[in-house]
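Read through the structure below, which is laid out as structure tokens, and then see the notes.
What follows draws every value from the coordinates through simple rules; no lab data is involved. Predicted model, so just to flag it, every value in this text is computed and none were measured. Counting neighbours? That spans all protein chains shown, and the Cβs are built from the backbone with ideal geometry, glycine included.
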Amino acid sequence: MGTRSFVGVMVGDKCRAIYVHYDGYLSGVGAELQDYKTQAEVEELIADGDRSSLTDGFYKERGETGVNPKNYATFAELFEAADGCWAEWYYVFKDGEWYCGNTYSGSKLCKTLTPYAEACEVYKAECEAEECAE
């Protein structure tokens, strides 16, 4: 079973994002994304659409349709889409920095755009306070 996530780029209020099925945790997809440091690199990363993991498994290669990057008018719209497909984490590149959050109700990261490093600290503290899956 995968830990689902969304990965996207935000300009102003608008976001363009893809779905990534596996290893969506901060220590998985989140850590891998730190190698992408410009909007152009992120745009190239998401250009081929939804996939199994960041490194391979593009759904369009399997003949699936409707897997191109999707456009969202607001962060709230992106969050609803992520939550609606059971994505647990989302990552958004904005103004040269990675932000993230999760869909875990009760988490301080739920429905937020928190800088990645700060999110790692918040999630670590939450996990120390209670059992977390990772």
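The table below gives the values:
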{"quantity": "For Ala119, net neighbour charge (Lys/Arg +1, Asp/Glu -1) across residues whose Cβ lies under 12 Å away", "calculated": "-2"}
{"quantity": "Qualifying aspartates and glutamates (Cα of each under 18 Å from Cα of Lys94; at least 8 residues distant if same chain)", "calculated": "Asp13, Glu32, Asp35, Glu41, Glu43, Glu44, Glu77, Glu118"}
{"quantity": "Candidate lysines for bridging to Lys124, where Cα separation is under 20 Å - those fewer than 8 sequence places away on the same chain excluded", "calculated": "Lys108, Lys111"}
{"quantity": "Within the stretch 1-103: Cβ-based charge dipole about Cα centre, in debye rounded to nearest 20 (Lys, Arg +1; Asp, Glu -1)", "calculated": "160 debye"}
{"quantity": "Listed residue (Leu113, Asn68, Thr55) projecting farthest to the positive dipole end of the chain, Cβ model", "calculated": "Asn68"}
{"quantity": "Per-residue ³J(HN,Hα) for the stretch 58-71, Karplus 6.51 cos²θ - 1.76 cosθ + 1.60, θ = phi - 60°, Hz, x for Gly and Pro", "calculated": "5, 5, 5, 5, 8, x, 6, 10, x, 10, 5, x, 10, 9"}
{"quantity": "DSSP-defined antiparallel bridges as percent of all bridges, the chain, nearest 5", "calculated": "70 percent"}
{"quantity": "Nonlocal amide H pairs with Cys110, under 5 Å, H built at 1.01 Å", "calculated": "Asn102"}
{"quantity": "Diffusion coefficient, µm² s⁻¹, Stokes-Einstein with Kirkwood Rh over alpha-carbon pairs of the chain at 10 °C and 1.306 mPa s", "calculated": "108 µm²/s"}
{"quantity": "For the stretch 75-127, size of Cβ-based charge dipole, Lys and Arg +1, Asp and Glu -1, in debye", "calculated": "100 debye"}
{"quantity": "Using θ = phi - 60° and Karplus 6.51 cos²θ - 1.76 cosθ + 1.60, couplings along the stretch 18-24 (whole Hz; Gly, Pro as x)", "calculated": "10, 9, 10, 6, 9, 6, x"}
{"quantity": "Projected-area average for the stretch 71-130 over all orientations - Cα convex hull basis, square nanometres", "calculated": "4.2 nm²"}
{"quantity": "Residue-count net charge about Gln34 - beta-carbon cut-off 12 Å; Lys, Arg +1, Asp, Glu -1", "calculated": "-3"}
{"quantity": "Angle in degrees between helix 75-84 and the longest Cα principal axis of the chain, rounded to the nearest 10", "calculated": "90 degrees"}
{"quantity": "Net charge over other residues, Cβ less than 9 angstrom from the Cβ of Val20 (K, R count +1; D, E count -1)", "calculated": "0"}
{"quantity": "Table column - 3J(HN,Hα) (Hz), the stretch 90-106, Karplus curve with 6.51, -1.76, 1.60, x for Gly and Pro", "calculated": "9, 10, 10, 8, 9, 6, x, 9, 8, 10, 8, x, 9, 10, 7, 4, x"}
{"quantity": "Between helix 116-129 and the chain: long-axis angle, C-alpha atoms, 0 to 90°, nearest 10", "calculated": "50 degrees"}
{"quantity": "Neighbour-limited loop hits for trypsin sites (Lys or Arg not before Pro), the stretch 24-69 (at most 16 other Cβ within 10 Å; DSSP other than H, G, I, E, B)", "calculated": "Lys37"}
